[in-house]
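Peer 1: Can you keep this structure in mind? I'll have questions shortly.
The values are calculated or read from the model by the stated rules, or taken from the named source; none is laboratory data. Remember, it's a predicted structure, so these values are computed and weren't measured experimentally. Cβ: placed from backbone, ideal geometry, glycine included. Neighbour counts: every protein chain shown. Remember, those area values only see protein heavy atoms, side chains included, never the ligands or the DNA or RNA. Shrake-Rupley method; radii C 1.70, N 1.55, O 1.52, S 1.80 Å.
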Amino acid sequence: MVTRLANLEVDGAETLAVNTDRRMMERIRADRKMLIGRGFVEGDGAGGDPKIGRIAAGRSRRALEDALGNRDLVFVAAGLGGGTGTGAAPVICEMAKGLGSTVVGIFTIPPGADLRRGEGGDGEGGDGGGGDGGVEPDRPIEIEELAKTANTLILLDNSRILEMAPGLSADQIFSVMDQVVAEIIRGIVETITQTSLINLDFADVKTIMSSGGLSAVLVGESDSKDEAGKIVFSALKFPMLNVDTKAATGCLLHITGGSDLTLKKAATIAAALTGELDPEANVIWGARVKEGHEGKIGLLAIMTGV
């Protein structure tokens, strides 16, 4: 996931890879890398145990906080398959929030994962054990518990890709989702840092992201000749999380097109999407003309408060 983001060379963002596995770290491309849990797991990984990942992050707190520094916006992207991502990512989100950053957690859910809302029960492994708090390795991951760690929590369900393209292999599914994560981050960052047809500045993004809560993402790409309603419907048909998008309290919309993208077309697309949301929802949108996008329109919508 981090390597794909680094390969996109997002202008205005720095990538930091964090892991407990030394061998995996050697294969990752990033601006900076940090092996956490030195003197604890000795670079051997978390063994699929979120508690190990959480403790490793806690023991590396000073180094992580120094690396996070004074950032305006921090994205923490991880897979919730157990181990380092599940255990350490929420801790890192909390650290970044404590440093004053607006934090967007982007977590992918593997097929068959046990995520629950509210009181989730005991899980299969017993009573939870341990006294470290946070996510335990032997019980379901509570969505509300996870959402508290970031200003906005974006969950992406790999099962949704399987529904859209059932013929894909597991590696292909993860590859597609990694690309979606990278495009979400690039879309937001470049909308802020680069001149656009309709600009979004950091204040706009912060308005939506500072208290977005649980959020879902719509991604879509259509022929630029399609009607606005069709473009929006194609994205709404397959949200990356199975939620009621009409309940969203806010939306950050980013439209990308080629030189044939007009202001009128972008405004019509924004209006079509706004019409699918709660009338009270706060919708902020931007549009960017990008070289090589002639004949097609890309849509990225982050629906907050779902």
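Peer 1: From the backbone phi of region 263-274, what are the Karplus-calculated ³J(HN,Hα) couplings (6.51 cos²θ - 1.76 cosθ + 1.60, θ = phi - 60°) in whole Hz, Gly and Pro given as x?
Peer 2: In residue order, the calculated couplings are 4, 4, 5, 4, 5, 5, 5, 4, 5, 5, 5, 4 Hz.
Peer 1: Counting residues in region 141-232 as N, plug N into 2.2 N^0.38 Å and put the Cα Rg over that result.
Peer 2: On the way: Rg = 15.7 Å, N = 92, 2.2 N^0.38 = 12.3 Å.
Ratio of Rg to 2.2 N^0.38 Å for region 141-232: 1.28.
Peer 1: Tell me the Kirkwood hydrodynamic radius of region 154-306 in angstroms, computed as one over the mean inverse distance between distinct C-alpha pairs.
Peer 2: Radius from the Kirkwood sum: 15.6 Å.
Peer 1: Quick one: net charge of THR191's neighbours, Cβ under 10 Å, K/R +1, D/E -1?
Peer 2: Charge balance near THR191 sits at -1.
Peer 1: Net charge around GLY295, counting only other residues with Cβ within less than 14 Å of its Cβ (Lys, Arg = +1; Asp, Glu = -1)?
Peer 2: Summing Lys/Arg as +1 and Asp/Glu as -1 gives -2.
Peer 1: Roughly how many Å² is the accessible area per residue of the chain, as a whole number, for a 1.4 Å probe?
Peer 2: I get 46 Å² per residue for the chain.
Peer 1: Next question. What are the extents of the Cα atoms of region 30-113 along their three principal axes, listed from largest to smallest and rounded to whole Å?
Peer 2: 33, 32, 22
Peer 1: Can you list the HN-Hα couplings for region 15-31, worked out from phi with the Karplus curve (6.51, -1.76, 1.60; θ = phi - 60°), rounded to whole Hz and with x for Gly and Pro?
Peer 2: Here the 3J(HN,Hα) series is 9, 10, 9, 10, 7, 9, 9, 5, 5, 5, 4, 5, 8, 8, 9, 6, 5 Hz.
Peer 1: What is the chain's relative contact order, in percent, from Cα pairs under 8 angstrom and six or more apart in sequence?
Peer 2: That works out to 15 percent.
Peer 1: Before rounding to the nearest 500, sum -39500 (n - 2.57) across all DSSP H runs of length at least 4 in the chain and divide by the residue total; then give [θ] at 222 nm in deg cm²/dmol.
Peer 2: Estimated from H runs of four or more residues: -10500 deg cm²/dmol.
Peer 1: Largest first and in whole Å, give the semi-axes of region 189-239's equivalent ellipsoid, each being the square root of 5 times a Cα gyration tensor eigenvalue.
Peer 2: 24, 17, 8
Peer 1: In the chain, carbon and sulfur make up what percent of the accessible area (probe 1.4 Å)?
Peer 2: Here it works out to 47 percent.
Peer 1: Now for a separate question. Provide the percentage of antiparallel DSSP beta bridges, counting only those with both residues in the chain; round to the nearest 5. Walk me through the intermediate numbers first.
Peer 2: Numbers: 19 of 49 bridges.
About 40 percent, rounded to the nearest 5.
Peer 1: Around MET164, with a cut-off of 14 angstrom between Cβ atoms, what is the net charge of the other residues, counting Lys and Arg +1 and Asp and Glu -1?
Peer 2: Local net charge: -1.
Peer 1: With the Cα gyration tensor of region 186-276 giving a ≥ b ≥ c as the square roots of its eigenvalues, does the rule (a/c under 1.5 for rounded; else a/b larger than b/c for prolate; else oblate) give rounded, prolate or oblate?
Peer 2: oblate
Peer 1: With a cut-off of 8 Å between alpha carbons and a minimum separation of six or more residues, what is the relative contact order of region 181-306 in percent?
Peer 2: Result for region 181-306 is 40 percent.
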